[in-house]
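Each remark here refers to the structure printed beneath this line.
The values are calculated or read from the model by the stated rules, or taken from the named source; none is laboratory data. No experiment lies behind these values; they were computed from the predicted model shown. Quick reminder, even Gly has a Cβ in these numbers, built from the backbone with ideal geometry, and neighbours come from all protein chains shown.
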Amino acid sequence: MKKFLTRFILVSVIAFTAGCGLAGTGDVQQTPSVSQQLGNDTVEITLYFDYDEAMYLKPEKRTVKKAGKPMAKLLVQELISGPQTKGLSKTIPEVTRLISLEVADGVAVANFSREIKTRHPGGTAGERMTVQSIVHTLVQLPEIDKVQFLIEGEKEEAIWGHIYTAEPIVPDERVLAR
């Protein structure tokens with residue numbers, strides 16, 4: 001009985017000590033929800049658009065009809081259509097087409113038409129806002145952790161010359177407006 005009690009106390013102390021290390025910093029940020037079913041195939045979505053002249057991204061909520069489209073495609077198509085809120089700016093040229101968007105193993109592979117490159121206004125900050133607006137909008141979906149960019153089905157080392165896009169991109173929290 002004494003051995004059992006000693007082992008039990010030892011295991012309890014180890015478990016308690018290990019659990020204390022999981023507390024983290026305590027800084028928990030609430031991310032707006034991607035969607036809530038509102039009935040009749042209508043959903044509330046959150047999109048991220050340029051705010052403060054390519055310095056930050058700011059969320060915009062809107063209600064849209066899902067119309068049988070996969071949620072990831074719907075989100076990107078709404079991003080392409082641009083913001084509805086005054087003070088926010090589009091991050092993707094409106095002539096851009098989303099050719100395809102597939103999700104596997106946490107990676108969304110977003111295949112855009114060449115116009116995302118040829119009609120983009122350019123600049124490092126603008127490029128960062130475009131990439132991160134797509135990434136932040138898509139990673140709200142539980143099945144997506146990062147985004148791989150393609151142009152006309154091909155990976156490009158840098159879409160506009162400033163940000164490496166040959167590998168999947170993860171969200172950068174520093175671009176979000178506080």
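Descriptive notes on the structure:
- Checked against (1) over 15 Å from the mean Cα position of the chain (by Cα); (2) modelled with pLDDT of 95 or more, residue 101 meets all criteria but (1).
- Sole exception among (1) under 25 Å from residue 53 (Cα atoms); (2) in contact with a Gly (Cβ under 9 Å, 6 or more places away or on another chain); (3) of a type outside the set (Lys, Arg); (4) in a loop (DSSP other than H, G, I, E, B) for residue 127, by number: (4)
- When residues of region 144-166 are limited to those that are of a type in the set (D, E, K, R), over 11 Å from the mean Cα position of the chain (by Cα) and in a loop (DSSP other than H, G, I, E, B), the one surrounded by the fewest Cβ atoms within 10 Å (Cβ to Cβ): 157
- Scanning region 167-178 for residues that are over 16 Å from residue 145 (Cα atoms) and either assigned to a loop (DSSP other than H, G, I, E, B) or of a type in the set (Phe, Trp, Tyr) (or both) yields a count of 2.
- Residue list for region 131-143, restricted to those being surrounded by fewer than 21 Cβ atoms within 10 Å (Cβ to Cβ), of a type in the set (A, V, I, L, M, F, W, C) and in contact with a strand residue (DSSP E or B) (Cβ under 6 Å, 6 or more places away or on another chain): none
- Complete set of residues in region 57-76 that are more than 14 Å from the chain's Cα centre (by Cα), surrounded by fewer than 19 Cβ atoms within 10 Å (Cβ to Cβ) and touching a residue at least 12 places away in the same chain (Cβ under 8 Å): 61, 62, 63, 65, 66, 67, 68, 70
- For region 18-66, filtering for residues that are touching a Lys or Arg at 6+ places or on another chain (Cβ under 9 Å), more than 18 Å from residue 173 (Cβ to Cβ) and either at pLDDT below 50 or not in a strand (DSSP E or B) (or both) leaves 3.
- Positions within region 94-106 being surrounded by 17 or more Cβ atoms within 10 Å (Cβ to Cβ) and not polar (S, T, N, Q), in sequence order: 98, 101, 103
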